[in-house]
Each structure stands twice: as structure tokens, then as C-alpha cells.
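Before any comments, here is the structure.
Rule-based calculations on the coordinates, nothing more; no lab input. Everything numeric here is computed off the predicted structure, so don't read it as measured data. Counting neighbours? That spans all protein chains shown, and the Cβs are built from the backbone with ideal geometry, glycine included.
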Amino acid sequence: MENLGALAILLAFCVALYATLASVIGRIKNKPFLVVSGERAVYSVWVLVTLASGILVYSLMMSDFRFAYVAEHSNRSMPMLYKFASWWGGQEGSLLLWSFLLSTYASVVVFTNRRKHRDMMPWVVGVLATIQTFFLVLNNFVANPFQMLATDKLIVAVPDGNGLSPLLQYPAMAIHPPMLYLGYVGFAVPFAFAIGSLITKQPGDAWIHTTRRWTLVTWLFQSTGVMLGAAWAYHVLGWGGYWGWDPVENASLLPWLSGTAFLHSVMMQEKKGMMKVWNIVLVSTTFFLCILGTFLTRSGVVQSVHAFARSDIGKFFVTFLALGIAATIYLILDRLEYLKSESELESVISRESSFLFNNLILLASCFAVLWGTLFPVISEAATGDKISLDGDWYNRLMVPIGLFLLLLTGVGPLFAWRKTSVESLRRNFQLPGIASLVLVGALVAAGMRHIYALISFGFCLFVALTVISEFYKGAKAIAAKSDMNLLRATVELTHRNTRRYGGYLVHMGIVLMFIGFTGHAFNQAEVKELNKGDSMRVGVYTLKMIDMQQGGNENYDWHRATMAVSKNGEYLGTLEPEKRFYRASRQGTSEVGIRQRPNEDLYLNFAGMSDDQKRAVIQAYVFPLVSWIWIGGLVLIGGTFVCLVPSKVKMQYARTEVVGYAKKNATVQK
Amino acid sequence: MKKYGKFAGLIVIVVGTLLWLATANSTETQTYYKTVPELQKMGDKAYNARLRVGGDVETGSIQRVGNQTQFVLVQEASKLKVVYTGTEPLPDTFKDGAQALADGKLERDGVFRAAKIQAKCASKYEAKPGNLMKPGQAPNINNGKSI
């Protein structure tokens, strides 16, 4: 069994190498049978990697502790879900997951394009198979998940394993890594098409049209992954934050930022034929940042709460990145003449210009985060001192960047292409502008002095109103013309141009998230050691400890406090923060007690026992508006789904053009 | 080319502001990451900087004096006395022999005042055979090649 797994990934490596060579040589020498065999090899890789993954998962489920990986990342008493999640709980397994996802994506690409892009596809397969080969090298020779425990040449099982890190034994966390990986790996596909398009000197934007939906789905996975990570940090880590500018968090944010820039700048190419070089650069940057992200997470090159482990896997990643980036730069420079812009910028206040600044800001923030993340490495190389930059540094940069982006979110979509007239500016922005100023004035009058918070609330209202007025204006026109009520007209409007109105919904999600972020300026915190019967105050709440218990089960020991919460003398209920100590991994976690309300969260953390072991240390926080981050995240995800629904108008157009093909597709799309 | 001048101007303003934000007051946001022996080689520079020092907690050195916890970080024969001044309870993983990261400042008396302590048991991510099973029956972890 273990040999079968090891054999499967070894064979997969050989077949992936074959796929690369067959596709590329077949294309150059014009040998169709080689090209076809390359595509079949992609399917074979999928079968082999799936088999290997299946064996690993099976041995995790069966608690087969002869496997070193199983012994390190699983134990008997864990629930089945987390035994499965141990697949990505450690280095070897998560790299196998990478290979598995990539081979799945590659197979889907080969299958869906089996009759399309015949000139470009061998290169696409070649690029994907090269990446696959690289990861299979890691799977086979650096981080092999099928290593066995042995004494004197005899395979031996241990009685019980170390267990999955208890921080990961949480539902959102169990699906957070695969979500992020689905996003990371997914960008390999648009990248492969971009390279294929470059090599074959495609005249049009075929690669962008083909990969638009891919990119959007991938971006959706990334957004979900990042949001789940934030939610996990908030609910599990017990420090009450959702983002700490930890290197591994940054690693997940980097490709998201450049991917977001890419999603916007492709519109420039589609509508105006501009920014062609830039788009190739962006999609390549995003892809390499995904690889870098995996590298940072996996190598422990930067100190982080996530990545304590150090390993020599870094050399492989650095080599792969260096070769990949060099090859991409060479290709882009060599093909520059095919990427000439078809039009030029005409005015500072235009849609083009707002896209330009959107890209500039997103890329600047991406670079800033990258700089901060790698600063320990950079400073060590430059001065010999390993210096890290803390959260304050990031906040100082990213808060103004975020606010500027928020403003662009509102104004950008309302600028006209080419040049915006003063008249249209006034028409679109007068009302939202005045309303925001009134809001800011009212907040100042109410005693709010936090300058960034004031700007943020002002911008949030401004952007929200511009988005709502876009929906309202469009829906009113449709309602008047086709005799519908406003609600149905809004749905109709969105359906007619899902990309545009889905995009507005995503923007609305961003606004809601910013409202949540802004609440951070008004956090309150209190720590106290409490005995049964003692009470404490935080914000407007009075907390009384009415009970304290302890106990244990086979997986962990726990302490739990029961806190009665009241506000101005009115009893609101109880919260039960809990501290767990996992036996197998000898690690503690917090199960916080949270009272979530739209205006503010009351957040209680059982931080531990006092030094004399008699009293409980309770950390109490009030986090205003934090729920809006999760609501905004859901709106953002919903908006992306709307973008993925084909527009009604386009579907009718497709039907008239190619009847047979559209019919077949139309049923699927509905 | 007036409009390109405008674009260039705006871009310079945006990038310039960000550079200014990134570099201003940099000492406040920078933390030196040092091991215990490296810290002792820093000399006077160590007294002004924010530091994060990593090492092992010396066995038997943890003492509780009033509200404060004192211990000794040790690595390669270099030792550092640390006083924990933070308000949060120390992590459960903080115990004799654990690897710890202390965040704080070095005082002139040679004592390191830490506002934050991170700790991990030696076995957290990489398995050590002794932690996997009862003593006396511990096989070694070999890689698959020797099988």
C-alpha cells in the first residue's frame, strides 16, 4: 500500500515530464500524435496523483501510524473530519494537495479546450505540466508523504500520533487551506494561457476571453480563503484580531491584491485594447506570488506563528521562481511588438485613468506588503541584522492606501470612458458628496475625533450611495419601459449585464468590510483575574462570573467560565469562554465566547489560570462593527457569483450566432 | 504632452506619499530579531532597539516573584535573564526546555524586559520519537530509503 503510493507519485513525475516534452516537441516538430499523447499524459497524471492522495487520506482515516506523516499530523481520538483535514495539516500532505489540485485543473483545461485553441494548447499544456513536474519533484524527492517509521529496517507503527495542530481543529480552518490552494493553484491556468499566447504570438485577446471565468473563479476561492483565515483568527486565536500582518497572512493577501488588479486591467484590454503588456505582467506576477506564497508558508524562511518549521525546500522554490521569472521576462521582452496598445490615455478624469490608478495603488500595496514580509530577509542580506516590521508599519501604509482604493471604488465606475464632462461629474457625485459631508459633520459634532475613521465613514457612505444610485437609475428606466416593479427591474437590470452589476455588488461588499475595519478604531479591552462571584466591566457591559468548571475528554482538557452579561442593569444572557489543552500535541487553544450584534461584538477570552491556579484570567473586549466584515465578505462572494452568471443579452446574441452550440450551452447555464 | 505631465505628477505624488509613510519614524516599527549569542554581540546598539530574542528556556530557571515571571533564555552557552512584564498569562507551551521568543527591550542592567512571550514545545511540528511513544520502545524515524 505504502509502496503503491510512493510508486504512484514517482510514475506521476515521469508522466508529467513526458507531458511537458511531448506537448512542446510535438508542437515544434508538428507531430499531432505527440501533442495528443501529451494531453492524455495530463489525464494519467491526474489518475496517479489522485491515487496517491487517496492512499494518504485512507491511511489518515485508518490511523495507520506506520506512516511518518500520519503519526505526526493525526491521532486516534480526532474526529473523522479533522483526520481528513490532516491531509493538508503538514508540509508533505499540503504539497501533495497542491499537485492534486493542479493536476485536476490541468485535466479540466485539457478537456474543455480539446477542440479549441489547437495552436496554443500544446504550450498551455507544456507550461502546466512544467509546474506539475516541479511540484512532483518536491513530492517525490524533498517532502515525500509516504515515508515510513522504521527500526532496524523493519517498518513499525507507533501506538498513537501527535495529532493535528489543535489550532487547525476548527471547521473554518479545516477548509481554509484548500480554499486558498484552489486560489493559488488556479492562477496557473491564466498564466499558462498568457504564456501560450505570447509564444504563439496570438493577435487577439483569446487568452483573456478563455480565462476570464477561470480568473474570476480563482479569485473567488482566494477571497473566500482569505476571509476564512480572518474569521478563523478572530474566533480561535483568542486575541480578538482578524488580521495581524503575519508573513503567512501576507502571503495569502499578495496574489489577491495583484489578482484584483488583473481583474480590473483586463477590462482595459477588452474594451480599449490597452495595457496588453501590463496584463501579461500582472498575470505572471500573480502566479509567481502564488508560488512565493506557498514557499513562504512552507519553508519558514520568515518567522511566523504559522511557519515554525525550517526546511531545505526553499532552495527548490527559489530556483523554480528564478527560472520562471527569467523565462517570462525574456518572453515578454521578445514579444513586445505584438503587444502594442491600440489607443492611448486621453484625460486624467476618465475611466481609463481610474483603472490606471486602481492598478497603481493595488500594485503599490502589493509591493509594500511584499517588502514588509521579506524585510527580515532583505535587512539580513543588506546589514546583517534580521529586522522585522511590525503591525504598526503595515497599518500606517495600508490604511491610507485602503482609503484611497475605497474612494476609487466609488468614483471609478462612474467616470466615462475617454473623458468625463464636468456636468456628468456633478450629476453623479453631488448628492453622495453632500450626504457624506453631512455624515462626517454629524460624527464630528457627536464627538468623534479619529481622523481616519471620519474619512472612512465618509467614503463608505459616498461609495454606497453611488452604487445604490447606479442600481436605482438603471432599474427605474427598465421599470418604466417594461412595466415592472422596482425590485424585479433591479433583478432584470443585473441579469442584463451581470459583470457590471455583479461588480457593483462586489464593491458594495468592500464598502461593508471597510465599515467593519473602521470599527477597529473604537475597540475597548479589559483584563481581570476573577473568582467565582467576581465581576468586571468593559464598555457598557458588566460581566459576572457565575461558574467555573473543568474537565477533559480523550482529545483535550478544558477550563470553562460561565459569565453573566448585563448592560445597564439589564440581564442579557451568559457567555462561556473556554480554554482547551490538547493532549497529543500539548498545545492550548481558546474557545472564545462572543455575543455578536450588528453594532458591536462582546468578546470574552479565557486566557488561562492565574499563577496561583485559583482565579481565571478573563480578557474582555468590545469590538464595534466587526460583524460587517463577515457580512461584507458574503456580499463580495455573492457579487462574484453574479459576475459568473452569463449576461442575458450576451446569451441571446450567442444563440443567434451559433445556434447549435448555444442551445447545448444554454440549458447548462440556466 | 500636457496630459502625460499630469499623469506623471499624480503618480509621483501617490508613490512619494507612500515612500514617506514607509520610511518615517522607522525605528518605532522595526524589531530586531536576534538569538541570545547574537544579542550579546550587538553591544550598545542593543539598548535602544526593540528586540525579539529567541532561545531555549533553561531548565529550572522559571521563577515567579510577585506578579512577575523571571527565567533564563539559553543558547550555545550564552544566557540572558528575562523578566516578563506583560499582562497576558504566559502560554501553556511556556515551560522548561521550550523554545521561546521574548519581545521587548534590553535594560542597562543586562536584564531583558519582555512585554510578550511566544513559546513552542520542541515537538510542535517536527516529531521527535521520544514524544511519540512511551520511553523504552522508541523506534527511530528513518526515511523510506532504508526500508
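Under DSSP H, which helices of chain A have Cα atoms covering 27 Å or more of the helix axis and a Kyte-Doolittle average no less than 1.6? Spell out each step's value before the answer.
Working: long enough: A:2-28 (39 Å, 1.69); A:32-61 (44 Å, 1.45); A:91-112 (32 Å, 1.13); A:206-236 (45 Å, 0.37); A:247-272 (38 Å, 0.05); A:276-299 (34 Å, 1.25); A:313-334 (32 Å, 1.83); A:351-383 (44 Å, 1.06); A:391-411 (29 Å, 1.10); A:422-445 (32 Å, 1.04); A:451-482 (46 Å, 1.27); A:498-519 (32 Å, 0.74).
Span-like helices here: A:2-28, A:313-334.
Find out how many positive minus negative residues lie around A:CYS643, taking Lys and Arg as positive, Asp and Glu as negative, among other residues whose Cβ is under 10 Å from that of A:CYS643.
+4
Per 5 Å bin, what is the whole-percent P(r) computed from every C-alpha pair distance within region A:178-268?
Percent of pairs per bin, in order: 3, 13, 21, 20, 15, 11, 7, 5, 3, 1, 0.
With unit charges on the beta carbons (Lys and Arg positive, Asp and Glu negative) and the dipole taken about the Cα centre of chain A, which residue among A:ALA525, A:GLY314, A:GLN222 sits farthest to the positive side?
Result: A:GLN222.
Is there a quick way to get the dipole size of region A:23-180? I mean about its Cα centre, with the Cβ of Lys and Arg at +1 and of Asp and Glu at -1; what is the value in debye to the nearest 20? Working shown, then result.
Numbers: 12 positive and 7 negative charges, 174 e Å.
That gives region A:23-180 a dipole magnitude of about 840 debye.
With only Lys, Arg, Asp and Glu charged, each at its Cβ (+1 for the first two, -1 for the last two), find how big the charge dipole of chain A is about the Cα centre; round to the nearest 20 debye. Intermediate results must be reported in sequence, preceding the final value.
On the way: 58 positive and 42 negative charges, 512 e Å.
Its charge dipole is roughly 2460 debye.
If you project the alpha carbons of region B:4-65 onto their three principal axes, what span does each projection cover, largest first, in Å?
Sorted largest first, the three principal extents are 69, 24, 19 Å.
Out of A:LEU370, A:MET563, A:LEU425, whose Cα points farthest toward the positive end of the dipole of the protein assembly as shown (charges: +1 Lys, Arg; -1 Asp, Glu; placed on Cβ)?
A:LEU425
For region A:61-202, what's the relative contact order in percent, using C-alpha pairs closer than 8 Å and at least 6 residues apart?
On the way: 161 pairs, mean separation 59.6, N = 142.
Relative CO of region A:61-202 lands at 42 percent.
Given an 8 Å cut-off on Cα distances and at least 6 residues of separation, report the relative contact order of chain A as a percent. The partial results should precede the final answer.
Values: 1111 pairs, mean separation 68.2, N = 670.
Result for chain A is 10 percent.
Calculate I(q)/I(0) for the protein assembly as shown by the Debye formula, one identical point scatterer on each C-alpha and no solvent, and give its log10 at q = 0.06, 0.07, 0.08, 0.09 Å⁻¹ to two decimals.
One equal scatterer on each Cα of the protein assembly as shown leads to -0.44, -0.60, -0.80, -1.01.
Which links in A:LYS315/B:LYS34; A:LYS31/A:LYS201; A:LYS201/A:LYS272; A:LYS528/B:LYS34 stretch past 28 Å when you go from one Cα to the other? Walk me through the intermediate numbers first.
On the way: A:LYS315/B:LYS34 23 Å; A:LYS31/A:LYS201 20 Å; A:LYS201/A:LYS272 19 Å; A:LYS528/B:LYS34 33 Å.
Among A:LYS315/B:LYS34; A:LYS31/A:LYS201; A:LYS201/A:LYS272; A:LYS528/B:LYS34, the Cα-Cα distance tops 28 Å for A:LYS528/B:LYS34.
In whole Å, what are the extents of region B:30-121 along the principal axes defined by its C-alpha atoms, from largest to smallest?
32, 27, 23
Starting from the 7 Å offset along Cα-to-Cβ, what nm value, one decimal, do you get for the label separation of A:SER424 and A:ILE325?
It is 4.0 nm.
What whole-number value in cubic angstrom gives the convex hull volume per residue for the C-alpha atoms of region A:397-530? Show your work: numbers first, answer last.
Working: hull volume 24.3 nm³, N = 134.
In region A:397-530, the Cα hull volume divided by residue count equals 182 Å³.
Report the one residue of A:LEU128, A:PRO79, A:GLY273 whose Cα lies farthest in the direction of the positive end of the charge dipole of chain A (charges on C-beta: Lys and Arg +1, Asp and Glu -1; origin at the Cα centre).
Ranked along the dipole, the leading option is A:GLY273.
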